Structures are given as structure tokens and as C-alpha cells.
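Following: one structure in C-alpha cells, then a few remarks.
Derivation of every value follows stated rules applied to the coordinates shown; laboratory data play no part. Because the structure is predicted, anything quoted here is derived from the model rather than measured. Heads up, the Cβs are rebuilt from the backbone with ideal geometry, glycines too, and the neighbour counts pull from every protein chain shown.
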Amino acid sequence: MKASDLFVQCLEREGIEYIFGVTGEENADFVHSLKHSDQIRFVLTRHEQGAAFMAEAYGKLTGNPAICLGTLGPGATNLITGVADADMDHAPLIVLTGQGATTRQHKESHQVMDVVQMYEPVTKWAQSVHHPDSIPEIVRKSVRTARGEKPGAVHIELAENIAKMETDVRPMEPRRFRRPGVDDKVSDQAYELIRNARAPIIIAGNGAVRKRASNQLRRLAEQTGIPVTTTFMGKGAVDFEADYALYTIGLGQWDHVADAVRDADVVITVGYDLVEYPPQLWNPDATETIVHIDFDPAEIDREYHPAVELVGDVAHALWQLNRRFERDGAPAYDFSVQQAARARMKADMEEHAEDDTEGIIRPQKAIWDVRQVLGPDDVVLSGVGAHKMWLGRHYHCHEPNTCLIPNGFCSMGMPLPGAIGAALVADGRRIVGIAGDGDFMMNVQEMETAKRLDSDITMLVWEDGGYGLISWKQDDHFGSHTDLEFGNPDWLHLAEAFGWHGQYVNNARDLRGALQNALDHEGPSLVVIPIDYSENQKLSKRLGVFTGE
């Protein structure tokens, strides 16, 4: 068969369901082979970056990779931001790019560049196909590498002349393996540290939202009462309404939850990624006793030097601790400081629940209303900007993977295409993307994709006419900010032009009804609100100088 046909068959054998992207001359053979697949759906996007974000959201929600596709040269460079975002945020993803024929790669040639070398820093593995017979092995390794802990992005390059070649080989059969568990002796050491602590605390990160890990984490917290705070990307690892839930840590300012961490004498990190919340922000004196539970050994960091490391399958490591506590019972810990921090944070969340401001809406009210109209399994996707900080602090989850916040690479532009990708696997769950006006406009062209697919999504855009997070940080550090203002379209005409349902909501009392109206509408819906970012400086004055990203 032709090499491109073999490639598609290998992807089918791996269970690949979606390919998002833009086609070109150098990947034409592959795309034509894809037309004959009854299993894999190709989604044409309006920009390659949107394709990568769609694949990223799909990967986060399913645990399996989708593919984002681009041709050589500018197609490959357009993909790279979304690919880097998926890799640093640990979403399984495969990026497939075309390339000029191997007969012209050695010389200056139209659109030819070393794409594999370009992708090596932002993927777990990057490989060009040099011979059609190697396709089954490359595809098998790519899927295993993308899915394996910690998940991430993998790049495959398929040159146009390789795609046309004939081959006699066949796809490989996927085979799974069990991740190694933690040694009993190490589990005993961790258990003794935790059991003899006065007031332990758990920081649950991105690795804790895997379903089995979340189940074991909840079991540990329920039987011991140990409080759990999550990072932005760990939201939903525990139910925020549980008494032991300490909401979210991750703001660059010293927040209520940070007081609880400072009081703890043992900090247990579960699936914690230093990339999204540096330990210097919660352990600046490097004095905390840390128990590290993760798929990988701890990153070397002065403020993150664990006393014990449980390296292996996170769910299995938590299960081992649970067995020991079930055997011995829970100690009499002192969680008074943690409980007080929870009460203060809960009061902050509820303070503006009944706002009725006119002409402008506070961030706290916007997030409160989103939480009220969504169910436990519905999904929120955040962009990057000031809205992300408010969402991180005030929006909390019942279930894992119901709030997707890019907080490793922190690329703007994810929520609109991400919501489109999420809607494809929603299974009845409602999808809401929250973006600032700057974030939303970075991939506004995907409004057409959403309409073409009839994506049942709601986009909530916070309008302030500028890059709010940057001005927030500059105001805190310099007392003023540089030129960060811009203009916006007529939002309702924009929605109409793309065939979306559109609403502009000026008054806080009308927001919840407008959100419910958008969710009830079948198809893509846009809700825009004027946001009151004077609350940014008020929060800084209450909590301290803003230092986060």
C-alpha cells in the first residue's frame, strides 16, 4: 500500500478519533488517504494554532491524543505555540507536519526548514519518517510517548515523497503496560512523617486530576481530614464543597491558603508541577518538610527539596498510604489554622454573589454566576490574562478535568478553539470558555469553525479594552502602565456575522439569566460583559504585591 495509507491505518489501530488542522501541498497524500477512514474525523480549522488548542483540550479531557496537522514551513510554525502549551501543561497530543521531498531538504529550497529540530524543545519526542517501513514503529512510539506519564506532545514529520512510496509492512498492535508502584519501605517513611505531623496539608497539582489518582486522594482526605488545596491545573481533584477542601493556591500574592501552607509542618505534594506554581512562592525560606508523590522524581530546586519521594503511579502511592491509615486510624491533627483560612476564602467568594451593579460587572460576580448555572460535570476553559487569576482564585470544581486553565506555558488564545475541541467529547456536558477581549481576539477566526461544526459552546468575554493582566502587574510594580489599550469590534455584529447567538450584558443582575439563555441555545453563543478591573488593585492592596504569571 501507499505509505500515507499505512499511516492512517496505524492511527486507526491506535484509536485516534480526531485530526484538527489545515492542509497543504506537502501533506495532500496523507489527507487524501484520510478521506477513506470511517474512524478518524478531520476537522478543518481556520488557523493551525487553533487546531493545536483543539487537540490539547481533547487530550486533557480524554487522556488520549488527538492530532493537529499542518504543512511545512509556516504551517509548522503556526502550530508550535499550541503544541508547546500542550506539552508544558501535560496534555497528550501528536503534531503531524508535512515536509518537502527528501531530495531537496539538503539545500536552500522553498519553505524547507528543519522542523524536527524546531520542535525538539517543545515536545517529548520529535522524529522525521525516513522510510515508509518505519511508520508503524514511529506511530506506536508516538502514541505511547504522548500518553505516558507525564503526558505531552510528540512531533512526526512526513515528507511529501515518503508519503507516496509503497510499503508491505502492517500496523503494530497497541499494547499497554502498568506503571511501576512505589516501594513499601519508602511508603513507610512517608507514612511515619505524615502520621507524626501536627498539621499536614496536601497540595494537589495537575497529576492529581487523573481519575484513579483523584479517587485515592479523596479517600485519603476523607479518612484523615488532611486539608487539600489544588493548583490551578489541579482543580477538581477533590470536591470544593468537602470540609477538607482548601480551594486553590497559585496566585502570585500571599493569599489565605498560603497561610494554611505556612502553618503546616508537613506538605504533601500530589502530582505537583513546579512549572505552574513555583515553590519559592509557598516555601520561600525552604523550611517546609515535603513529601513528594508523583510519576517522576522531584525537580531540583532549593525551595523544593523533599524529605521523602514516592515516585511511581500516583494512585498506587496514595493507595499505599490509605492502607496504612485504615490499619492504624487517623491521628488527632490540629487543623484550626487551615479551617480558618477556608472560612476566610469562602467569605471572599460569596462577598459579591448578589451584586446589582449597573454598567460594569465585578470579576467575582461573573465567576459566581458561571458556577451557579453549571453542573458538577460541565466544563470551563480559561484563557490567559487577568480573568485567569480571578477564575483560578474564585472558580472551584466538583470533579476532575472540569476546569482547564493553561498555567504551564500560559499561552493566550486557547479557550475558543479549546471549547470547540471539548464540545466534540462533551457527552451532554455543557462547555463554557472564559476569555478576556485580548485573549479572545487572538483566535477569533475559529468562530467560523464553531459555527460550521455547530459547536454547542458558550464563550464569556470580559471586555476592558486592554491587556489587563499586564497592566495589573505594571501598576503594582511601577505605579503606572505602558500603552496596553486597544479597540474592540461591535460584539453583537461580530456574533451576527459569524452566525452566533450574541448578548451584551451591562448589568450584574442580568448576567445569570443571560448565561442560562446562552447555555439553553443550541449552537455557539457569545456573551460579553464590561468587566470592573478596578478590583485588581483592590485585591493587590489586600493581599500584597502581585508577582505571579
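Listed by chain and number, the lysines whose alpha-carbon sits under 16 Å from that of Lys2, ignoring those within fewer than 8 places in the same chain, are Lys35, Lys164.
Look at the alpha carbon pairs under 8 Å that are at least 6 residues apart: their mean separation over the length of the chain gives a relative contact order of 14 percent.
Quick check: residue separation of Asn488 and Asp356 times 0.36 nm, minus the Cα distance between them. What number comes out in nm? Display every interim value, and only then the final one.
Details: separation 132, 0.36 × 132 = 47.52 nm, distance 2.52 nm.
Contour length minus Cα-Cα distance gives 45.0 nm.
Think of segment 220-327 as having a plus end and a minus end, set by charges on the Cβ of Lys, Arg, Asp and Glu; of Gly252, Asn322, Val275, Asn322 sits farthest toward the positive end of this dipole.
Working note: 222 nm ellipticity from helices only, DSSP H runs with n ≥ 4, each -39,500 (n - 2.57), summed and divided by the residues of the chain, gives -12000 deg cm²/dmol to the nearest 500. Ranked by how many other Cβ atoms sit within 10 Å of their own Cβ, fewest first, the residues Ser336, Ser471, Ser455 fall in the order Ser336, Ser471, Ser455.
Estimated from the Cβ-Cβ distance and a Förster radius of 41 angstrom, the FRET efficiency linking Arg509 and Glu173 is about 0.10. Going by neighbour counts of Cβ atoms within 10 Å, the residues Lys473, Lys185 line up, fewest first, as Lys185, Lys473. Between Asp265 and Asp243, the modelled label-to-label distance comes to 2.3 nm, taking each label 7 Å out from Cα in the direction of the beta carbon.
Ranking Phe53, Gln39, Ile67 by how far each Cα lies toward the positive end of the dipole of the chain (charges on Cβ) leaves Gln39 at the top.
Counting Lys and Arg as +1 and Asp and Glu as -1, each charge on the Cβ, what is the dipole of segment 431-549 about the Cα centre in debye, to the nearest 20?
Numbers: 8 positive and 20 negative charges, 87 e Å.
Value, rounded to 20: 420 debye.
Counting every other Cβ atom within 10 Å of each residue's Cβ, Met349, Met1 order from fewest to most as Met1, Met349.
Values (1) 27.3; (2) 24.3; (3) 26.4 are given for comparison; Kirkwood radius over Cα pairs in Å, derived from the coordinates here, is the one labelled (2).
Given +1 on the Cβ of Lys and Arg, -1 on the Cβ of Asp and Glu, and no further charges, what dipole in debye does the chain carry about its Cα centre, rounded to the nearest 20?
Details: 52 positive and 82 negative charges, 267 e Å.
The calculation lands at about 1280 debye.
The stretch between Gln39 and Lys185, if pulled fully straight at 0.36 nm per residue, gains 47.9 nm over its current Cα-Cα span. Looking at the chain, the DSSP beta bridges with both ends there are about 5 percent antiparallel.
Quick one: putting +1 on the C-beta of Lys and Arg, -1 on the C-beta of Asp and Glu, what dipole do you get for segment 184-295 around its Cα centre, in Debye to the nearest 20? Can you show the working numbers first?
On the way: 10 positive and 16 negative charges, 81 e Å.
Around 400 debye, computed over segment 184-295.
From the alpha carbon centroid of segment 62-95 to that of segment 174-235 is 30 Å.
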